[in-house]
Amino acid sequence: MKNKVADVVLARLADWGVEQVFGYAGDGINGLLGAWGRAGNVPKFVQARHEEMAAFEAVGFSKFSGRPGVCVATSGPGAIHLLNGLYDALLDHVPVVAIVGQTSRSAMGGSYQQEVDLVTLFKDVCHHFVQVAMVPEQLPNLIDRAFRVAMGERAPVCIIIPSDVQDLTYEAPTHAFKMVPSSLGISWPTSAPDAQAIERAAEILNAGERVAILVGQGARHARRQVMDVADRLGAGVAKALLGKDVLSDDLPYVTGSIGLLGTRPSYKLMMECDTLLTVGSSFPYTQFMPEFGQARAIQIDLDPKQIGMRYPYELNIVADAGAALDALLPLLDIRTDTTWRHQVEKGVAHWWKTVERRAMTDSDKPGMVNPMRVVWELSQQIPENAIVSADSGSSANWYARHLKMRGEMRGSLSGNLATMGPGVPYAIGAKFAHPDRPAVALVGDGAMQMNGLAELITVAKYWEEWSDPRLVVAILHNNDLNQVTWEMRAMEGAPKFVESQSLPSVSYAGFAASLGLRSIEVTESAQLKGAWQAAFAVGRPTVIDVYTDPDVPPIPPHATFDQMKDVAKAMLAGDDDAVGVIRTGIKQKVQEFLPGVKSDG
Ligand SMILES: Cc1ncc(C[n+]2csc(CCOP(=O)(O)OP(=O)(O)O)c2C)c(N)n1
Ligand SMILES: [Mg+2]
């Protein structure tokens, strides 16, 4: 019984070190499910509520473990449901292996029930590798290549296995013509930099008086090197969204996030630098980078396909970030003039005070909390080994701009696809990657209604298996699709279109309680500190249902939307203006700057 194709698939996954597969059942994968039973649930089948959630869980697992995530779905509808999660993996450069069923070979091409042209369906998102197993001898090569391609390309891949093939007796490839044998494992080279390029980079960096460094997720494993280079150069360091956890925000020269969701010191760092060193980031928004001609710029990136765009770089170095910075370090002059560093640090210190002051500005509406305070209090209470996910929506702004990364904290969100819905499943993926670390998800009420509520059931199903049961979901309960509401105001000059923007209010705390999770309702800012403390007390997963004020705009002070320019100028001119804009009377204030905006009550 144990030598069917499906048995070999599962055994090969285990050989690749796969400990769990996030998935959902269906008769297109019945053969695999049978094998799972025979294998004693090895690798562990983790049951999501929806295949998109299974894919997000695989992405979250991969982002936080550094290993490929694996998801499984049935043919037709199950496969289609995976797509959004796989695109999230593709756009954020995350290795994910998807295994999907298909109708039997005898039915293929016959418009059979649930028959979808899966190769075509996955051809875009899994263009690096999508293959159908038609005969047993294609294994184990299909599995092995899927893993190598996923890791090599840092991308999703897909193996389609028709249901009847899953049940065939396994035949290994033979030592014969047109057979493809395979082998396990891979060791990667360290992509060493070109010595001449490093010398040129050192010349450029040494000539600079005001050096800015921009790091992205490609620099995560080079934290020490980034710090050493920044110290030598007296540079400030800004972080792209997916690289928010590369450096601690306790470092005085770290200016925080950059871009639309970024901080003022990052903006100033870029606007005032004369030299830019980008490491492991493909941050796309040129308007937040120095004016063309203002700065001499160098990029270091592992991926030749990603390098050299986004800015007119003088030098593009394809190399591992750590190796390149290690090679660069001894060639860099130690700065004696620390004026620029001090200027950056002063701006950073000032910024964190501004963040605090903005957070401490209470909403003027009874029973509602300023959402910035939610993240401010989180920064005070969060354990230094926590893993944070944020959903797309206003929470992404508060996460990016206001959360203070410290110690070994990790964090991520859907950076490039910016899809709604991954907040809770990413946190679940994080718990499977690190069951001994607390996880926190910052999620809007729209995203909870879309995906998060259902996925709390998955949390309830698995939490007792985690050595540290702390998974905290904080919901920004503003009864609004707030991010879009504000984008419409700022970019379209349009008032809130209630039909599309207002959300029904449901009790997230009540739902969580019905699942046996710890649930806390917050309607006043004074409750927030205690709520986070209770959530981080060991016990069980917690849902904090925070009623937040939808009139606090997530749009940043220095937004470069044309219609926001005057607001930006006013807010950059002084903090008090900025605080004024977010406090009571905000609508009037914004309308002053945006005459096109009509009151939307
Ligand atoms: C799948 C998907 N649908 C729609 C959007 C557009 N979108 C981005 S943010 C947002 C609003 C999110 O609302 P909510 O989750 O309540 O968070 P809030 O901004 O209110 O805090 C929408 C609709 C998207 N990014 N992804
Ligand atoms: Mg909302």
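The values are calculated or read from the model by the stated rules, or taken from the named source; none is laboratory data. Note that the structure is a prediction, hence the values are computed from the model and not measured. So basically every Cβ, Gly included, is an ideal-geometry build from the backbone, and we count neighbours across all protein chains shown. For the accessible areas, the whole protein counts, side chains as well, though only heavy atoms, and no ligand, DNA or RNA atoms are used. Shrake-Rupley method; radii C 1.70, N 1.55, O 1.52, S 1.80 Å.
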If the chain between Lys346 and Ser248 were fully stretched, how many nm would it gain, using 0.36 nm times the residue separation less the Cα-Cα distance?
33.6 nm
Suppose R0 equals 22 Å. What FRET efficiency, 1/(1 + (r/R0)^6) with r the Cβ-Cβ distance, do Ser505 and Arg540 give to the nearest 0.05?
0.30
Two decimals is fine: what is log10 I(q)/I(0) at q = 0.13, 0.15, 0.29 Å⁻¹ for segment 1-66, from a Debye sum with one equal scatterer on every Cα and no solvent?
-0.36, -0.47, -1.30
Mind putting a number on the dipole of the chain about its Cα centre? Charges go on the C-beta only, +1 for Lys and Arg and -1 for Asp and Glu, and I need it in Debye to the nearest 20.
480 debye
Residues meeting the amide H criterion for Val70 (H placed from the backbone, H to H distance under 5 Å, 5 or more places apart or on another chain) are Phe22, Val97
At 0.36 nm per residue, minus the direct Cα-Cα distance, what do Asp468 and Asp337 gain on full extension? Give it in nm, one decimal, please.
42.4 nm
Roughly how many whole Å is it from the C-alpha centroid of segment 63-112 to that of segment 194-269?
36 Å
Once the dipole of the chain is set up from charges on Cβ (+1 Lys and Arg, -1 Asp and Glu), the residue from the list Pro136, Pro181, Ala327 lying farthest towards its positive end is Ala327
Can you compute the label reach from Asn416? Point 7 Å from Cα along the Cβ direction, backbone N cut-off under 11 Å, restricted to segment 65-92.
87-92
What residues of segment 1-28 lie in the reach of a label at Val135, counting those whose backbone N is under 20 Å from a point 7 Å from the Cα along Cα→Cβ?
3-9
In whole percent, how big is the carbon plus sulfur part of the accessible area of the chain, probe 1.4 Å, protein atoms only?
53 percent
Tell me, Kirkwood radius of segment 352-487 from alpha-carbon pair distances, in Å?
15.2 Å
Give the peptides 155-165, 267-277 in descending order of average Cβ contacts within 10 Å, highest first.
155-165, 267-277
If packing is taken as the average number of other Cβ atoms within 10 Å across a peptide's residues, how do 391-404, 481-494 rank, most packed first?
391-404, 481-494
Pair-distance profile P(r), taking every C-alpha pair of segment 141-195, with 5 angstrom steps and integer %
4, 14, 17, 20, 18, 13, 7, 3, 3, 2, 1
Rank Ser266, Val246, Gly493 by how far each Cα sits towards the positive end of the charge dipole of the chain (+1 on Lys, Arg Cβ; -1 on Asp, Glu Cβ) and give me just the farthest.
Val246
At a threshold of 8 angstrom on Cα-Cα distance, excluding pairs fewer than six apart, so keeping six or more, what relative contact order does the chain reach in percent?
12 percent
Give me the dipole magnitude in Debye, nearest 20, for segment 277-329 about the Cα centre, with unit charges on the beta carbon: positive for Lys and Arg, negative for Asp and Glu.
140 debye
Antiparallel as a % of all DSSP beta bridges within the chain, to the nearest 5?
5 percent
Mind pulling up the Rg/Rh value for segment 218-373? Radius of gyration and Kirkwood radius, both on Cα.
1.01
Would you list the P(r) distribution for segment 182-295, with all Cα-Cα distances sorted into 10 Å bins from 0 and each bin expressed as a whole %?
14, 44, 30, 8, 4, 0
Stretched fully, the stretch from Ser111 through Lys529 gains (0.36 nm per residue minus C-alpha distance, one decimal, in nm) 144.7 nm
Quotient of Cα radius of gyration and Kirkwood radius for the chain, i.e. Rg/Rh, equals 0.99
Estimated [θ] at 222 nm from DSSP helical runs (n ≥ 4, -39500 (n - 2.57)) normalised by residues in the chain, nearest 500
-11000 deg cm²/dmol
For the chain, Cys with no neighbouring Cys Cβ under 4.7 Å:
Cys71, Cys273
Within 10 Å, count the other beta carbons around each residue, average over each peptide in 73-81, 498-506, 145-153, and list them highest first.
73-81, 145-153, 498-506
So for the chain, taking the charge dipole from beta-carbon charges (+1 Lys/Arg, -1 Asp/Glu), which of Ser467, Val211, Thr419 sits furthest toward the positive end?
Ser467
Relative contact order as a percentage, segment 6-68, C-alpha pairs under 8 Å and 6+ apart, gives 38 percent
Report the paramagnetic label zone for Ala460: residues of segment 437-452 whose backbone N is under 16 Å from a point 7 Å from Cα along the Cα-to-Cβ axis.
449, 451-452
What FRET efficiency, computed as 1/(1 + (r/R0)^6) with R0 = 25 Å and r the Cβ-Cβ distance, is obtained for Leu329 and Glu19, rounded to the nearest 0.05?
0.10
Mean separation of Cα contacts under 8 Å (at least 6 apart) over the residue count of segment 294-442, i.e. the relative contact order in percent, is 17 percent
At a Förster radius of 41 Å, what calculated FRET efficiency corresponds to the Cβ-Cβ distance of Val119 and Ser191, to the nearest 0.05?
0.80
Nearest 20 debye, what's the magnitude of the dipole of segment 377-454 about its Cα centre given +1 on Lys and Arg Cβ and -1 on Asp and Glu Cβ?
140 debye
